Amino acid sequence: MIIPVLIVIIITALFVVLLMFIKGTSKQERSAKKRSINLQRKGSAALIKEYEKKLSHDSHNVMALEGIGDLYFEDKNWEKVWGVYKTLYDISAAHPEIDIAKSTQRMGIAALNLNRLDDAINSLLISGKKNPDSFETNFSLGKAMYLKQIYDKAVVCFKKCKLLAPENGASNEYLGMSLFKCQKYKESLPFLKKALDEHPENKELLYDMAVAMSESGHGDKAIKVFMHLRPDPQFGALSCLEAGKMHERQKDFKSAIADYEIAFKLQNVPEQTLLQLKYRCANDYIALHNISSGLALLKQIQAVKSGYKDVDNLVSRYQELNQNQNLQVYMLSGTSDFVAICRKIIQLFYKDAFVKVEDVAVATESVEISCSVESNKWESKSLFRFYRTQTVIGDINVREFHSKMRDAKCDNGVCITMGSFSESAHKFTEGRPVDLVEKEQLSKILKKINMFS
């Protein structure tokens, strides 16, 4: 007997709760319908005054708060929207008829429009828990996360938006941009393309798509987009930079320089971007042996931002190169010209003797030339090694050079570098027939050479 009675009691309780829910919902619907009719009849200004009057007597009048909140929301009066729905949320524990999902959603949307991103996120998270399938809540939360630069969570929100409204164009745009910011370039591409189909004039989407294509292995398509965007006032400089990098990877330095020079003509280029453009352009000029143009750009960088990357060292290095044509040949020319100037240097070591080159060995870091030397009074066999590097060469290299000299039965050897030799390298040559020629002495030798003689 007890069990049937309990079942009857539970069923009755559930029925009462259901009736209360239906009654509450009906009351909300009637209130909303009544507000709509009043709005049509009286106008928003009159209704706001009416609601304000009610609220002056009872600041927690739920019907008046909801009514005035709707009107403020329609008028996009975000400060007041925030205040009204914040009040509704605060008193919701005492008023179960208040729709918490709606109140927190509108709080979040208001905060988002006021750029109060933390308040927006907190409010929309509460709304999402109450009503997880609301497109507007998920979209607004995703947008707040995107603006807050929490891109991975923005992706989650916009993916849910795509499930709730697959054809929504704004979701494509924000999902594509969020995935792009997460560096998920390949995944971002289809959404960026769909967004561009709807907004072909959107240059930011176009630029992001080009970067995504470049990072996904579609460089041929990406470079066309970058070159198309080069004159754009907003994304032109960045597009020139990206196009230049791609041309550099192809060793097409002339095209890269053309990309960068277009950017130099644009207005209001951010300083950091302009420095990058000038730095890369300078190095491309130098790669083409146009030292003077490269040096001019490096000095411009130096004047704006001292200590930028290795500019100070490059200016020091190439300023000297710019004043010494033979030094340019020694440091920058192709292998045949480099070997030719090395032979000229050897001749200066033995002005009054006949020098016969017997072998030339080209390595990655150096060139070795073995030769026999004859004069009226003596003859000898010599080995020369020429380094182009400007770094410090240690005793290991010099020991290996000396060992090679002995194997080749050379009487003496000369190691020449545009850099310097370590203290231990100098110490090793003491008492051995090896001379070390460093930067200062080499520069003097090169100034004496006439390449056309």
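The values are calculated or read from the model by the stated rules, or taken from the named source; none is laboratory data. Note that the structure is predicted; figures quoted are calculated from it, not measured. No Cβ is skipped: glycine too gets one built from the backbone with ideal geometry, and neighbour counts run over all protein chains shown. Note: areas computed on protein heavy atoms with side chains; ligands, DNA, RNA excluded. Shrake-Rupley method; radii C 1.70, N 1.55, O 1.52, S 1.80 Å.
Nearest 10 degrees, 0 to 90: what angle lies between the long axis of helix 135-147 and the longest principal axis of the chain (Cα atoms)?
With rounding to tens, the tilt is 30 degrees.
What accessible surface, in Å², does a 1.4 Å probe find on Glu379, ignoring ligands, DNA and RNA and rounding to the nearest 10?
For Glu379, the solvent-accessible surface is approximately 140 Å².
So what is the accessible area of the range 338-437 per residue, in Å², with the probe set to 1.4 Å?
Counting only protein heavy atoms, the per-residue value for the range 338-437 is 55 Å².
Distance check, please: which entries in Lys193/Lys224; Lys251/Lys278; Lys404/Lys427; Lys159/Lys224 exceed 27 angstrom between their Cα atoms?
Those over the limit are Lys159/Lys224.
Pop a pseudo-label 7 angstrom from the Cα along the beta-carbon direction at both Ser424 and Phe354 and give the gap in nm to one decimal.
Roughly 4.4 nm, to one decimal.
With volume of the Cα convex hull per residue in Å³ in mind, check (i) 207; (ii) 277; (iii) 198 and report the label derived from this structure.
Read-out taken from this structure: (ii).
Give me the one-decimal nm value for the distance between modelled label points at Ile445 and Asp232, 7 Å along each residue's Cα-to-Cβ direction.
For the pair Ile445/Asp232, the computed spacing is 5.4 nm.
Once the Cα atoms of helix 335-349 and of the chain are each reduced to a long axis, what angle between those two axes, in degrees from 0 to 90 to the nearest 10, is obtained?
The helix 335-349 is inclined about 40 degrees to the chain.
Say R0 is 51 Å: what FRET efficiency, to the nearest 0.05, do Arg343 and Glu261 get from their beta-carbon distance?
0.85
With no solvent and one point on each alpha carbon, what is the Debye value of log10 I(q)/I(0) for the range 350-416 at q = 0.17, 0.28, 0.29 Å⁻¹?
-0.63, -1.30, -1.35
In degrees from 0 to 90, rounded to the nearest 10, what is the angle of the helix 236-249 Cα long axis to the longest principal axis of the chain?
40
Before anything else, pin down the relative contact order of the chain: Cα pairs under 8 Å, at least 6 apart, normalised by residue count, whole percent. Can you show the working numbers first?
On the way: 583 pairs, mean separation 22.4, N = 453.
That works out to 5 percent.
When the accessible area of the chain is computed with all protein chains present and a 1.4 Å probe, what percentage of it is carbon and sulfur?
On the chain, the fraction of accessible area on carbon and sulfur atoms equals 52 percent.
Which value in nm describes the separation of the simple spin-label points at Lys404 and Lys245, placed 7 Å from the Cα toward the beta carbon?
Placing both labels 7 Å beyond Cα along the Cβ direction yields 3.9 nm.
Just in the range 293-378: which chymotrypsin sites (Phe, Trp or Tyr not before Pro) are loop by DSSP and have at most 12 other Cβ atoms within 10 Å? Please report the intermediate quantities before stating the final value.
Numbers: sites: Tyr308, Tyr318, Tyr330, Phe338, Phe349, Tyr350, Phe354, Trp378; in loops: Tyr308, Tyr350, Trp378.
Qualifying residues, ordered by number: Trp378.
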